[in-house]
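The values are calculated or read from the model by the stated rules, or taken from the named source; none is laboratory data. Nothing here was measured: the structure is a model prediction, and the numbers come from that model. Every residue, glycine as well, gets a Cβ built from its backbone with ideal geometry; the counts of neighbours run over all protein chains shown.
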Amino acid sequence: MKYAATDLDHFSESTLHTIPLIEAKHLNLSFGKQQVLENVSLNIHPKEIVTLIGPNGAGKSTLLKILLGLLTPDSGKVVRKRHLNVGFMPQKIQIDPTLPMTVERFLQLGLKIQKRGFFRREYSTTNLEKYVDELNIGYLLKQPIQQVSGGEMQRILLARALLREPDLLVLDEPVQGVDLQGQTELYQYLNQLRHREGYGILMVSHDLHIVMKHTDEVLCLNRHMCCSGHPHSVSQSKEFQDLFGEHTEAIAVYEHHHDEATCDHSHGHNHIHLDETGESKHND
Amino acid sequence: MIEMTQFLVFALLGGIGLALISAPLGVFMVWQRQSYFGATLAHSALLGISLGLLLQTDLTITVIVVSMVIAWGIFTLSHSKQLSSDTLLGILAHSSLALGLVLISLQNSVQIDIMGYLFGDILSITKTDLWLIAFTGVLILLFYWRHWRDLLNITLNPQLAQVEGTAVKTVQLQYILLLAFMIALSMKIVGILLITSLLIIPPAAARRISDTPEKMLLISMLIGLLSVLGGLFASYHFDLPPGASIVLAATAFFAILQLKKAPM
């Protein structure tokens, strides 16, 4: 029942000495009589991937909204690093078909403001081509945003979040509706990004095994933080098994099989592997 | 003869002015699926008229103030809690309309033609009205010049916009107050029917031939303008009610453009 915020030995050495990008302390929130979050704390450091898992209704989205500043908690506080730049990838977005908008325009609208005047603003456009290329969405640019597929939309939303060169990337269920191949590619890409750009990444998921392969810390939320730590230790904890039941065996696949003392998560993207049994044990 | 041309010229100028200022407000009502919002504000403007009669204050100003207060109320309530904004709008629209009617009936001495406010009389536009329309036009121009991109981002996804640093609530509130101001003002001049139609129908018609938001705005303005010209022309030549003729002209544009396939 306790949250292991002080349990620092789960973090890699480098994160020990950095200031967290964002830090939530003892958050509580109720909607009416229903307590949604109970004494929830967490922090995210640069280059760290934190995955928030939990069953439906566990308060994952609510916690995300508080961290993003979209909701105010009843008590507790969120401390952000000064000038923290957040890139946000919403779970889904619905755009009315009456709005004529191409994918290209959608991305341009997300560009970061460089100079703000009363009527004129200047935008930095250097990143647009780079991420369009890396996420392979160039062929979509002239298409209406309402007509792209689910997987394409995820890549577009990710590109829009990345355009802003965020310090912290927040992804709400980034692989929902994406096939296994697409999921693996996305996770691989995110892993590259955090090493290359130094982003901290927070993602919400109710997928239990693929997510964890690159995760430094898993937070298991069920209104309160019921367990947290390195994926391996979380999967073995009693709280986790109580929450997710028997199928947690599938968790075993996320183990890295490398020695953390000599290899501090800085290896390239080649250690993403598809697990043959993954699909059958996939649960959400 | 001179008087005759003057009221026609005023009607034309007023109508064109309203067509031009309702398009920018209307496109966002369509994109954000809020066409009911305009109707609610128009209904509650009737409450302003009856309050103005009761308190013997200037009708135009009272209607504007009451509409803006109600718009602000809708905005605050819909941001605070629970009730879906559809339900909320329904309750506010009809209760304020009912309250307005009751207040009017309590004043025995006053005979008021509610039909006049439903359909208005574009032929009775005065010089003051024209100045008010021009003033509103300037306000809308400034607001859109500054916040066009913010409005588009809010339309795409308010939460994403807020995380990206758009002052979502401020911009939304300003938009809603402008809308209330414009509806209140034009309701007294041209009636509820005409103003809610000018807000919605030209953008809906323009969608078929627009491939960017900016084009859709310009084409909406153009269609609104042509509807006013066409409606007034028909009204003058065939002795038809002018407001209704304008609405039908806009609807005709909408119907014709439905035959065309959307460009994207």
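Does at least one position in the range B:53-64 carry a residue that is exposed (fewer than 15 other Cβ atoms within 10 Å of the Cβ), modelled with pLDDT of 85 or more and not aliphatic (A, V, I, L, M)? No.
So that you can scan it fast, the table gives a plain yes or no per residue for (1) assigned by TED's automatic domain parsing to the domain that holds A:VAL204; (2) buried (at least 18 other Cβ atoms within 10 Å of the Cβ):
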| position | (1), (2) |
| --- | --- |
| A:GLY69 | yes, no |
| A:LEU107 | no, yes |
| A:PHE118 | no, no |
| A:SER124 | no, no |
| A:LYS130 | no, no |
| A:GLY138 | no, no |
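Return a yes/no flag: does the range B:10-30 have any residue that is among the aliphatic types (A, V, I, L, M) and at pLDDT below 80. No: the range B:10-30 contains no residue that is among the aliphatic types (A, V, I, L, M) and at pLDDT below 80. Among the residues making up the range A:221-244, those that are surrounded by 23 or more Cβ atoms within 10 Å (Cβ to Cβ) and at pLDDT 75 or above are A:LEU221, A:MET225, A:CYS227, A:SER228. Note on the range B:110-168: enclosed helices (runs of 4 or more DSSP H) holding 1 or more residues that are without any contact (Cβ under 8 Å) to a residue 40 or more places away in the chain and closer than 19 Å to A:LYS115 by Cα are B:127-156, B:158-163. Per the conditions (1) within 28 Å of A:GLY57 (Cα to Cα); (2) assigned to a loop (DSSP other than H, G, I, E, B), the sole criterion not satisfied by A:MET203 is (2). Taking the range A:72-82 as the range and being assigned to a loop (DSSP other than H, G, I, E, B), buried (at least 16 other Cβ atoms within 10 Å of the Cβ) and without any contact (Cβ under 8 Å) to a residue 60 or more places away in the chain as the test, only A:PRO73 passes.
Among the residues making up the range A:132-188, those that are in contact with a Gly (Cβ under 6 Å, 6 or more places away or on another chain), assigned to a loop (DSSP other than H, G, I, E, B) and more than 24 Å from A:ILE22 (Cα to Cα) are A:GLY177, A:VAL178. When A:ARG164, A:ARG155 are checked against the criterion of being among the charged types (D, E, K, R), within 14 Å of chain B (Cβ to nearest Cβ) and farther than 21 Å from A:GLN241 by Cα, a single residue qualifies: A:ARG164.
Yes/no matrix, rows are residues, columns are (1) of a type in the set (A, V, I, L, M); (2) over 30 Å from A:MET89 (Cα atoms); (3) in contact with an Asp or Glu (Cβ under 9 Å, 6 or more places away or on another chain):
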site: B:ALA161; (1), (2), (3): yes, no, yes
site: B:THR166; (1), (2), (3): no, no, yes
site: B:MET187; (1), (2), (3): yes, yes, no
site: B:LEU222; (1), (2), (3): yes, yes, no
site: B:LEU229; (1), (2), (3): yes, yes, no
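With respect to (1) free of Cβ contacts under 8 Å to residues at least 40 places away in the same chain; (2) assigned by TED's automatic domain parsing to the domain that holds A:ILE49; (3) on the phi > 0 side of the Ramachandran plot; (4) of a type outside the set (Asp, Glu), the lone exception for A:GLY198 is condition (1). The set of residues in the range B:207-221 being more than 7 Å from every other protein chain (Cβ to nearest Cβ), within 14 Å of B:PHE253 (Cα to Cα) and in contact (Cβ under 8 Å) with a residue 24 or more places away in the chain consists of B:ARG208, B:ILE209, B:SER220, B:MET221. The residue that is nearest to A:ALA159 (Cα to Cα), among those in the range B:152-165 that are buried (at least 20 other Cβ atoms within 10 Å of the Cβ) and more than 7 Å from every other protein chain (Cβ to nearest Cβ), is B:ALA161. Taking A:LYS112 as the residue in question, decide whether it is basic (Lys, Arg), surrounded by fewer than 19 Cβ atoms within 10 Å (Cβ to Cβ) and facing chain B (nearest Cβ under 9 Å). Here the answer is yes, as A:LYS112 does meet what is asked.
Each row is one residue, and each column tells you yes or no for (1) away from chain B (no Cβ under 14 Å); (2) more than 21 Å from the chain's Cα centre (by Cα).
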{"position": "A:ASN56", "(1), (2)": "yes, no"}
{"position": "A:ASN85", "(1), (2)": "no, no"}
{"position": "A:PRO90", "(1), (2)": "no, no"}
{"position": "A:VAL103", "(1), (2)": "no, yes"}
